[in-house]
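Everything below concerns the one structure shown next.
Please treat every number below as a calculation from the coordinates, not as lab data. The model shown is predicted, which means the values in this text are computed figures rather than measured ones. All Cβ positions, even for glycine, are placed from backbone atoms using ideal geometry, and neighbour counts span all protein chains on display.
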Amino acid sequence: MKKLQYILMTLAISSLGSIVNAQLKGNQGYSGSAIPSSSAFLDASVTNVVNNANYGKGMIYPRADLSVMVLSNQGGLYNTSNNPNRFDGMIVYNTAASGTAASGSTQGTLSKGFWYYDNTSATPTGGTWRPFTPAPSKENILTTETVTNRMVNNAQIYGIKGTFTTTAGSTAVNIAPPAGMTSMYGITIYKTTGTGNKVVYARDLYSYDATTGAAVTGSPSMSVVYPVDTYDYVLEYLK
């Protein structure tokens, strides 16, 4: 019985290999030698289902809860020699509605939908899970480093909230640079408490010293003058 099972398994694997090598079209036959020469390893297009063009078919991607899914290297057997991409480009339909990925880092927080694994590191778990489309949610930038929902040139934008106090008639402010900041992406200075109007005062910087935090807001021709008070700011930056 075991021998028969082994033979059947061998035949099944052999048949599967033939199908892959032949690059069959899904639910359709093929003719000629064009398909094996195609760049597509599988063509699953369907134009007619049970003689009714109104019926259609779609592919159901693997579903996974990324908050618990572990990228296994099978005890070291699945390594750089037989897995040179280290899962780079893996696509799943994530079912977790919150949290972060169990393996690798996470762009923002998990949400239901399609996610792909972006890994240019030397280890299988050194990549980042990224959503195909960022979840439509409002950003809540805190007084600690916050990962925003935005990127620029494939670099993550971070945000942090803080306050500063000015003296009367001051144009200079001090905005402490966050740890690891390499460049500033943007800033918004506003006021929600204290005296005077509760307004946005500035969105531009004329100058900023990333070492000392000394900043002058406004343009080269017109700096912003702050009445004495305490102001809030949201700083967005790259690392």
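Summary of values
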{"read-out": "Simple spin-label estimate for T171 and N85 in nanometres, 7 Å along Cα-Cβ", "value": "5.5 nm"}
{"read-out": "Per-peptide average of other Cβ atoms within 10 Å, ordering 161-174, 226-239 highest first", "value": "226-239, 161-174"}
{"read-out": "Global geometry of region 133-178, whether rounded, prolate or oblate, following the gyration tensor of its Cα atoms and the 1.5 cut on a/c", "value": "prolate"}
{"read-out": "Relative contact order, percent, region 83-239 [alpha-carbon distance under 8 Å, six or more residues apart]", "value": "20 percent"}
{"read-out": "Region 142-227 - percent relative contact order, Cα under 8 Å, separation 6 or more", "value": "26 percent"}
{"read-out": "Spin-label pair T133/M151, simplified geometry with 7 Å Cα→Cβ offset, distance in nm", "value": "1.7 nm"}
{"read-out": "Rounded if a/c under 1.5, otherwise prolate or oblate - region 146-238, Cα gyration tensor axes", "value": "prolate"}
{"read-out": "Distance between modelled label sites at T123 and Y190, nm, 7 Å Cα→Cβ extension", "value": "4.0 nm"}
